[in-house]
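Structure, as structure tokens:
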Amino acid sequence: MTLPINHPPVATPKIGVLLVNLGTPDAPTTSAVKRYLKQFLSDRRVVEIPAIIWQPILRGIILNTRPQKSAKAYAKVWTDKGSPLAFFTAAQADALQVLMGDCADVRFAMRYGNPSVADQLAAMKAAGCNRILIAPMYPQYSGATTGTVLDEAYGALTAMRWHPAIRTLPAYHDDAAYIGALKTSIEASLAGLDFEPDAVVISFHGMPERTLHLGDPYHCHCQKTARLLSDAMERELVVSFQSRFGRAKWLEPATDDTLMRLAHEGTKKVAIFAPGFSVDCLETLEELAMQGHEQFEEAGGTHYAYMPCLNDSDVGMDMVERIIRRELAGWI
């Protein structure tokens, strides 16, 4: 079709897929971590304390003490490619683009940090994406993860006069493709160990317990993932929750307490996996692989192995492609 004279250029209509992960500082420095934590911990979905109470605590205490400590932790896992979470998420987007071919324009964004959800949605719209699937890469739904990604996306859309059509990826905690990918990945990791674990621990990110009582399905989703994975693997899995923060009661049992309990009870060999993380990050590589190892050995354990996330592995990307194509049905 020929456009009228002086008509603005019209991009060829496309389908877009935006993978979204939590986020990361731009560098393992105190200043970069402080910027990141300020954005992250100011999210009312993440910290559900009234701002008039929370903000003085955040700005007066936490942002003046925690960034330096966290920067040291990030430095332990930082690579020449940058943050593991960033480069693994970018690798997932690149791999999915290859798998999708010309069917979709695949990009990635971070809820906190860069590239931002708003910037990526604007860029996709400018590139001609008039139908976009927003895919929060969290298998188990929580308001503090999936919910806040969608809040951010909807907020960005309000600035657009002409909205693209939008779909969102639902939780996939009980999806057969996801459970199968976890099973394959864990069993491959176990086969590569030089010891036979007495126990296999799966560690989900923790949430304050009150979120469960307020109606957040996260705890239930985690437990269902664990049950289905245990059934698929035909072995018992020890469920735990990591990354406690603050004084509030969090989901239990805690991962650090679980590792110490197992060692004290005579379990000497443990392998641990984090099925709730789509890619490896600070919480898996520093908290589980490093801190967890130290805690377990100090409590009397002799063998410990951290098994990596799905990341951009073939089995992981096959799963991602399957659930993405399913959600694009009718568009492609």
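The values are calculated or read from the model by the stated rules, or taken from the named source; none is laboratory data. Model, not experiment: these values are computed from the prediction. Counting neighbours? That spans all protein chains shown, and the Cβs are built from the backbone with ideal geometry, glycine included. Just so you know, the surface numbers come from the protein's heavy atoms only, side chains and all, with ligands and any DNA or RNA stripped out. Shrake-Rupley method; radii C 1.70, N 1.55, O 1.52, S 1.80 Å.
Across all directions, the average projected area of the convex hull around the alpha carbons of the stretch 60-189 is 11.1 nm². Peptides 226-233, 190-197 ranked from most to least packed give 226-233, 190-197, packing being the mean of other C-beta atoms within 10 angstrom over each peptide's residues.
Taking the inverse of the mean reciprocal distance over all distinct Cα pairs, the Kirkwood hydrodynamic radius of the stretch 1-129 comes to 17.1 Å.
The apolar share of the surface of the stretch 1-98, taken as the fraction of accessible area on carbon and sulfur atoms (1.4 Å probe, ligands and nucleic acids excluded), comes to 60 percent. Using the Cβ-Cβ distance between Ala127 and Ile5 with R0 set to 30 Å, the FRET efficiency from 1/(1 + (r/R0)^6) comes to roughly 0.80. Computed from the Cα positions only, the extents of the stretch 288-332 along the three principal axes stand at 55, 15, 11 Å, in decreasing order. Across the stretch 230-332, C-alpha contacts under 8 Å between residues 6 or more apart give a mean separation that, scaled by the residue count, equals a relative contact order of 25 percent. Taking Cα centre as origin and charging only the Cβ of basic (Lys, Arg, +1) and acidic (Asp, Glu, -1) residues, the dipole magnitude of the chain rounds to 1420 debye.
Surface composition of the stretch 191-247: carbon and sulfur atoms hold 49% of the protein heavy-atom accessible area at a 1.4 Å probe.
Dimensions of the stretch 161-211 along the principal axes, based on C-alpha atoms and rounded to the nearest Å, stand at 59, 30, 18, largest first. Per-residue ellipticity at 222 nm from helix content only, as computed over the chain with -39500 (n - 2.57) for each DSSP H run of at least four residues, stands at -12500 deg cm²/dmol. Around the amide H of Leu133, modelled in the peptide plane, lie the amide H atoms of Gly16, Val17, Leu18, Arg167, all under 5 Å away and 5 or more residues distant in sequence or on another chain. Modelled this way, with points 7 Å down the Cα-to-C-beta line, the labels at Glu48 and Asp318 are 3.9 nm from one another.
Heavy atoms of the protein chains alone define the surface here; on that basis the chain has 47 Å² accessible area per residue at 1.4 Å probe size. Other residues within the sphere of radius under 10 Å centred on the Cβ of Gly300, judged by their own Cβ, net out at -2 (K and R +1, D and E -1). Contact order for the stretch 257-306, expressed relative to its length and based on alpha carbon pairs under 8 Å spaced 6+ residues apart, stands at 57 percent. Rg/Rh for the chain (Cα atoms only, Rh after Kirkwood) is 0.99. The mean sequence distance of close C-alpha pairs (under 8 Å, at least 6 residues apart), as a share of the length of the stretch 126-263, puts its relative contact order at 25 percent. The string of couplings for the stretch 100-114 from the Karplus curve (6.51, -1.76, 1.60, θ = phi - 60°) is 7, x, 7, 5, 7, 9, 9, 9, 9, 8, 10, 5, 10, x, 10 Hz, one whole number per residue in order, with x for Gly and Pro. Overall, the accessible surface of the stretch 125-174 at a probe of 1.4 angstrom is composed of carbon and sulfur to the extent of 53 percent.
When the alpha carbon gyration tensor of the stretch 205-251 is reduced to an equivalent ellipsoid, the three semi-axes, largest first, read 24, 13, 6 Å. Rounded to the nearest 0.05, the FRET efficiency derived from the C-beta distance between Asp174 and Arg261 at R0 = 25 Å is 0.35. Scanning residues 5 or more positions from Gly23 or on other chains, those with amide H under 5 Å from its amide H are Arg111, Tyr112, with H placed 1.01 Å from N in the peptide plane.
Summed over all non-identical Cα pairs, the Kirkwood treatment of the stretch 112-271 gives a radius of 18.2 Å.
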